[in-house]
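My structure is below; once you've seen it, I'll send some questions.
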Amino acid sequence: MTSEHFVFVPMVFLIGYFLGGFMSTLSAHTSAKNTTSESDNPVIRNAKPTSGKQVLAALTLFLAMFVITHVFALPYSVQAVKESNGGVAILDQSPSFTNEEVYSRLTEFGESGRAVYKRFVYTTDVIFPLTLLLFLVLLVRYSREKASFNHKFDKILLLLPFVWFGIDMLENTMTFSLISQYPRPSVVVGDVIGYVTVAKFSLLLSSILASLFIYLYGKSNLVFRAN
């Protein structure tokens with residue numbers, strides 16, 4: 001199991017859970033207004049609220065990009081990189097934590113594999129995370145609006161997806177640097193990049209779990225008010 005699975009496996013279950021919640025919310029809007037009106041919600045009083053349809057649209061875009069970039073061997077896709085390097089996992093799918101391990105992996109890639117991988121990190125591996133960032137931001141906004149969050153913790157929740165994206169781009173920059181300097185070693189980058197990958201996936205998982213937490217918080221508040 002690669003490091004990606006520790007995030008994307010629970011993500012699939014969480015997406016299913018949110019889809020059920022979104023559908024029930026959209027259905028409820030057709031028959032009655034939400035229990036808490038927009039004018040009474042301090043979080044969205046001065047901003048247009050995020051709708052379930054917006055989140056679903058962003059999710060659809062993200063899933064479509066995932067299929068395009070991870071399933072099919074299109075130019076600069078994950079599969080294209082693997083086909084060019086003989087099936088060796090890219091660095092963020094199976095992180096290495098020492099400079100020696102990193103350069104051993106890059107050597108296994110071969111010249112053509114490194115060339116394709118180098119183009120991948122500044123094309124596909126930027127576009128795909130952007131679609132995920134859009135989904136995460138809308139998901140957090142939708143969840144916090146339903147929970148009526150309005151305090152300092154709320155700002156941290158909104159920042160999580162952007163911090164994750166920044167770490168992801170840092171990882172891409174480090175990967176590009178390693179490939180560009182090959183075979184000259186970059187000891188500092190080689191020894192650190194694995195931990196950056198771990199931080200990236202940890203922040204991604206934190207963003208998803210935070211959305212789930214505040215969504216459940218909001219639903220529990222509605223149940224409490226109803227009783």
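The values are calculated or read from the model by the stated rules, or taken from the named source; none is laboratory data. The shown structure was predicted, so the numbers you read here are calculated from the model rather than taken from an experiment. Every residue, glycine as well, gets a Cβ built from its backbone with ideal geometry; the counts of neighbours run over all protein chains shown.
Counting only residues that are free of Cβ contacts under 8 Å to residues at least 60 places away in the same chain and of a type outside the set (Ser, Thr, Tyr), which one in segment 190-208 is nearest to ILE90 (Cα to Cα)? Write out each step before concluding.
Residues of segment 190-208 free of Cβ contacts under 8 Å to residues at least 60 places away in the same chain: 192, 196, 199, 202-203, 206.
With of a type outside the set (Ser, Thr, Tyr) added as a condition, the list becomes 192, 196, 199, 203.
Working: VAL192: 16, VAL196: 14, ALA199: 17, LEU203: 20 Å.
Among residues in segment 190-208 that are free of Cβ contacts under 8 Å to residues at least 60 places away in the same chain and of a type outside the set (Ser, Thr, Tyr), the one nearest to ILE90 (Cα to Cα) is VAL196.
State which residue is surrounded by the fewest Cβ atoms within 10 Å (Cβ to Cβ) when the search covers only segment 102-121 and only residues that are touching a residue at least 60 places away in the same chain (Cβ under 8 Å) and charged (D, E, K, R).
LYS118
Separate question: Since LEU159 meets every condition but one in (1) of a type in the set (A, V, I, L, M); (2) at pLDDT 95 or above; (3) surrounded by fewer than 17 Cβ atoms within 10 Å (Cβ to Cβ), which condition does it not meet?
Tallying (1) of a type in the set (A, V, I, L, M); (2) at pLDDT 95 or above; (3) surrounded by fewer than 17 Cβ atoms within 10 Å (Cβ to Cβ), LEU159 fails exactly one: (2).
Further, regarding this structure: Take the residues in segment 133-149 that are hydroxyl-bearing (Ser, Thr, Tyr) and in a helix (DSSP H, G or I), then tell me which one is modelled with the highest pLDDT.
TYR142
Suppose the filter is touching a Phe, Trp or Tyr at 6+ places or on another chain (Cβ under 8 Å) and among the hydrophobic types (A, V, I, L, M, F, W, C); does PHE135 pass it? Steps first, answer last, please.
Details: touching a Phe, Trp or Tyr at 6+ places or on another chain (Cβ under 8 Å): yes; among the hydrophobic types (A, V, I, L, M, F, W, C): yes.
In short, yes.
Then there is this: Quick check, is LEU222 among the hydrophobic types (A, V, I, L, M, F, W, C) and modelled with pLDDT under 95?
Details: among the hydrophobic types (A, V, I, L, M, F, W, C): yes; modelled with pLDDT under 95: yes.
In short, yes.
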